[in-house]
Amino acid sequence: MHGGPEPLLLANAWDAGSAKVLAFLGFRALATTSAGHAATLGRQDGLVTRDEAIAHAADLVAATDLPVNADLEDGFSDDPEQVAETVRLAAGVGVAGLSIEDWSRTRREIHDIGLARARVNAAAEAAHGGPKRVVLTGRAENYFRGAPDVADTIARLQAFQEAGADVLYAPGLVDADDVRRVVESVDRPVNVVARPGLPSVAELGRIGVRRVSVGGAFALVAFGAVATAARELLNSGTYGFLAQAGDADVLRGAFDAD
């Protein structure tokens with residue numbers, strides 16, 4: 001799916017209902033979103049447990065026939081073997097792909113490149129060693145964590161490629177030249193995430209990007225729409241928000257598709 005004429009659009013769903021709607025609208029692949037999932041539980045991103053993330057991935061796998069990529073954050077451990085166990089658990093619920101990032105949830109810092117590579121290597125062995133090969137995405141978090149160093153990002157992605165990652169991803173990249181440098185420096189498909197200022201999908205395709213995801217953006221749009229509607233009702237006592245309630249035919253089509 002990463003080898004088509006245009007980038008693969010990977011739609012991040014936040015529950016079974018949104019997964020069904022996105023599948024009905026025509027996306028060819030889905031992904032979980034750690035931020036969107038956490039929001040459904042009333043939590044900030046990074047506060048979901050491994051068991052909850054695996055169960056959530058299973059829910060999305062069951063919701064549609066589309067392949068699902070699981071956002072497994074940092075693998076829920078700094079230890080490579082525990083990262084591998086997280087991958088095995090995710091593979092066991094039927095995900096087609098998954099991502100592991102080089103940011104430590106517990107220490108709140110980016111891993112040393114040596115440990116980061118070892119974690120990806122352990123994840124790759126688990127992802128590729130089961131009865132069905134799972135696509136592994138290695139994530140370099142520099143730009144997303146306030147350290148926009150393209151040279152270090154490239155070095156990390158190259159290390160992840162050597163460690164066995166199938167797809168490479170540096171969330172937070174926006175500048176076209178930085179994206180191009182990353183694409184030209186590795187030999188694996190590159191994913192970018194939708195951000196303000198990012199070139200269009202068509203332009204990203206010309207640069208050589210092979211996958212575009214949205215992270216938590218769709219979920220945030222949904223929650224933002226609820227907040228806007230609620231403020232209107234609370235502050236004005238009017239119902240203009242009903243005009244934005246959406247197309248009921250989409251919900252009927254998506255939920256009756258089974």
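Taken together, the values in this text are just the output of simple stated rules run on the coordinates, not laboratory data. Note that the structure is predicted; figures quoted are calculated from it, not measured. A quick note on method: Cβ atoms are made from the backbone with ideal geometry, for glycine too, and the neighbour counts reach across all protein chains shown.
Restricting to region 201-218, name every residue that is part of a helix (DSSP H, G or I), of a type in the set (A, V, I, L, M) and more than 12 Å from the chain's Cα centre (by Cα). Matches in region 201-218: Val201, Ala202, Leu204, Ile207. Going by what's in this entry, would Gly253 be described as in contact with an Asp or Glu (Cβ under 6 Å, 6 or more places away or on another chain) and surrounded by 11 or more Cβ atoms within 10 Å (Cβ to Cβ)? No: the conditions fail for Gly253. Whenever a residue of region 17-30 is closer than 16 Å to Asp249 by Cβ, its partners that are among the aromatic types (Phe, Trp, Tyr) and outside any loop (DSSP other than H, G, I, E, B), lying with C-beta atoms within less than 8 angstrom and at least six residues away or across chains, give the pairs Gly17/Phe255; Lys20/Phe255; Leu22/Phe218. Based on this model, can you work out whether Asp71 counts as buried (at least 23 other Cβ atoms within 10 Å of the Cβ) and of a type in the set (D, E, K, R)? Spelling it out, Asp71 is indeed buried (at least 23 other Cβ atoms within 10 Å of the Cβ) and of a type in the set (D, E, K, R). Checked against the criterion of being under 24 Å from Leu30 (Cα atoms), surrounded by fewer than 21 Cβ atoms within 10 Å (Cβ to Cβ) and free of Cβ contacts under 8 Å to residues at least 12 places away in the same chain, the candidates Gly197, Gly129 yield just one match: Gly129.
For every residue, the table says whether it meets (1) in contact with a Cys (Cβ under 9 Å, 6 or more places away or on another chain); (2) over 23 Å from Ala13 (Cβ atoms); (3) touching a residue at least 40 places away in the same chain (Cβ under 8 Å).
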{"residue": "Ile154", "(1), (2), (3)": "no, yes, no"}
{"residue": "Ala159", "(1), (2), (3)": "no, yes, yes"}
{"residue": "Tyr169", "(1), (2), (3)": "no, no, yes"}
{"residue": "Gly172", "(1), (2), (3)": "no, no, no"}
{"residue": "Asn191", "(1), (2), (3)": "no, no, yes"}
{"residue": "Glu203", "(1), (2), (3)": "no, yes, no"}
{"residue": "Phe255", "(1), (2), (3)": "no, no, yes"}
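Among the candidates Asp65, Asp79, the residue that is within 17 Å of Lys132 (Cβ to Cβ) and surrounded by fewer than 21 Cβ atoms within 10 Å (Cβ to Cβ) is uniquely Asp65.
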